[in-house]
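Just below is one structure, and these are the notes that go with it.
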């Protein structure tokens, strides 16, 4: 009895056999009759199995009929077509490891790149979280400063001083020899001195 086997399943069984695997170990997920038919097709010859597996790898995948039982093997139902082919990364890397040589080396490089990418993404998320925390704390500090200014009786601290008030305080400080930076926030000591002088020279 002929057993229907998907090309990728046939190729995997042939690759396993060519690399020294035993038929019993290759039957997981594939009926024993299917494994035997595949090995008979290459005369149980590892070199022929290797060539047949390579030939199957280069062939385009044929259309698959809906799931049907043929003997002891059930063919997989076709999946809906997708504009972008989805690749099972883990399975592909495992196949590359199994193939060995340059394929295994490439799989190792891909894993290293994926690991580095994961580390960079984690660091990026940590930086973004820290920046958000700084912004939140700044907003809370500004709010607390405003409340403190409103609650302090007789204090010269006042939220939302205008540009004109700051300019007047700087001018008063310059006329009276009080050290005050030309740019940035007017220090509280200058505001206190300015208020103590009645806000005028």
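The values are calculated or read from the model by the stated rules, or taken from the named source; none is laboratory data. This one's a predicted model, so the numbers in the text were calculated from it and none came from an experiment. No Cβ is skipped: glycine too gets one built from the backbone with ideal geometry, and neighbour counts run over all protein chains shown.
Any residue in region 59-82 that is modelled with pLDDT of 75 or more and either exposed (fewer than 12 other Cβ atoms within 10 Å of the Cβ) or not in a helix (DSSP H, G or I) (or both)?
Residues of region 59-82 modelled with pLDDT of 75 or more: none.
Checked against the condition, which is being modelled with pLDDT of 75 or more and either exposed (fewer than 12 other Cβ atoms within 10 Å of the Cβ) or not in a helix (DSSP H, G or I) (or both), region 59-82 yields no hits at all.
Of all residues in region 174-201 being surrounded by 16 or more Cβ atoms within 10 Å (Cβ to Cβ) and within 56 Å of the chain's Cα centre (by Cα), which is farthest from residue 142 (Cα to Cα)?
Pass one, region 174-201, residues surrounded by 16 or more Cβ atoms within 10 Å (Cβ to Cβ): 178, 180, 186, 190-191, 193-194.
Within this subset, residues satisfying the condition of being within 56 Å of the chain's Cα centre (by Cα) are 180, 186, 190-191.
Numbers: 180: 22, 186: 16, 190: 20, 191: 18 Å.
That would be 180.
Scanning region 40-51 for residues that are crowded, with 17+ Cβ neighbours inside 10 Å and modelled with pLDDT of 80 or more yields one hit, 42.
Within region 10-25, being modelled with pLDDT under 75 and more than 17 Å from residue 97 (Cα to Cα) holds for 22, 23, 24, 25.
None of 3, 30 is surrounded by 15 or more Cβ atoms within 10 Å (Cβ to Cβ), modelled with pLDDT under 80 and within 42 Å of the chain's Cα centre (by Cα) except 30.
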